[in-house]
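**Student:** Would you mind keeping the following structure in view while I ask a few things?
The values are calculated or read from the model by the stated rules, or taken from the named source; none is laboratory data. Please read these numbers as outputs of a predicted model, since none were measured by experiment. Glycine gets a Cβ as well: all are built from the backbone with ideal geometry, and neighbour counts include every protein chain shown. Side chains are part of the model used for accessible areas, which takes the heavy atoms of the whole protein and leaves out ligands, DNA and RNA. Shrake-Rupley method; radii C 1.70, N 1.55, O 1.52, S 1.80 Å.
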Amino acid sequence: MSKILNEMGKIKDIFTGEHRHFAWFVTIVTAVFLLLWLVGSGNTFIHWAKAGAEIRRQERLIREYEQQNAEMDRRIEMLKTDRDTLEKFAREQFNFAVPGEDVYIVE
């Protein structure tokens, strides 16, 4: 605990000692720089945060589209290889029927 207080005393000495004007100048310039970096115009921390959020959103969309694409590829492959699946798809999507079969469409 005394070591921390000793260090605090050294910091206090910097701002009250011989070079206090320089220490305050550096502190104020650093604070202004950080403030401008956080909220100023141009390439700021806020813009970086927004861009990061947008990148994460776009990556999530890419993953969703890749999953949808894989599902569509699977369905296409099933329609190419399985006659029953193709027949079911044609009946549901295009109202196809076997000759002599009655089709009722309810909307």
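**Student:** When both residues are 6+ apart or on different chains and their Cβ atoms are under 6 Å apart, which pairs have a first residue that lies in the stretch 56-80 and is without any contact (Cβ under 8 Å) to a residue 60 or more places away in the chain, and a second that is among the aliphatic types (A, V, I, L, M) and open to solvent by less than 100 Å² (accessible area, probe 1.4 Å)?
**Tutor:** Note: pairs meeting the criteria are Leu79/Leu86.
**Student:** So, one more: I'm told Glu71 meets every condition in (1) at pLDDT 95 or above; (2) under 12 Å from the mean Cα position of the chain (by Cα) except one. Can you identify the failing condition by its number?
**Tutor:** (2)
**Student:** Would you please list the contacts, defined by Cβ atoms under 7 Å and residues six or more apart or on different chains, that run from a residue in the stretch 89-107 that is more than 26 Å from Met72 (Cα to Cα) to a residue that is open to solvent by 100 Å² or more (accessible area, probe 1.4 Å) and not polar (S, T, N, Q)?
**Tutor:** none
Each row is one residue, and each column tells you yes or no for (1) among the acidic types (Asp, Glu); (2) surrounded by fewer than 10 Cβ atoms within 10 Å (Cβ to Cβ); (3) not in a helix (DSSP H, G or I).
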| site | (1), (2), (3) |
| --- | --- |
| Val26 | no, no, no |
| Leu34 | no, no, no |
| Gly42 | no, yes, yes |
| Gly52 | no, no, no |
| Asn69 | no, no, no |
| Arg75 | no, no, no |
| Thr85 | no, no, no |
| Gln93 | no, yes, no |
| Tyr104 | no, yes, yes |
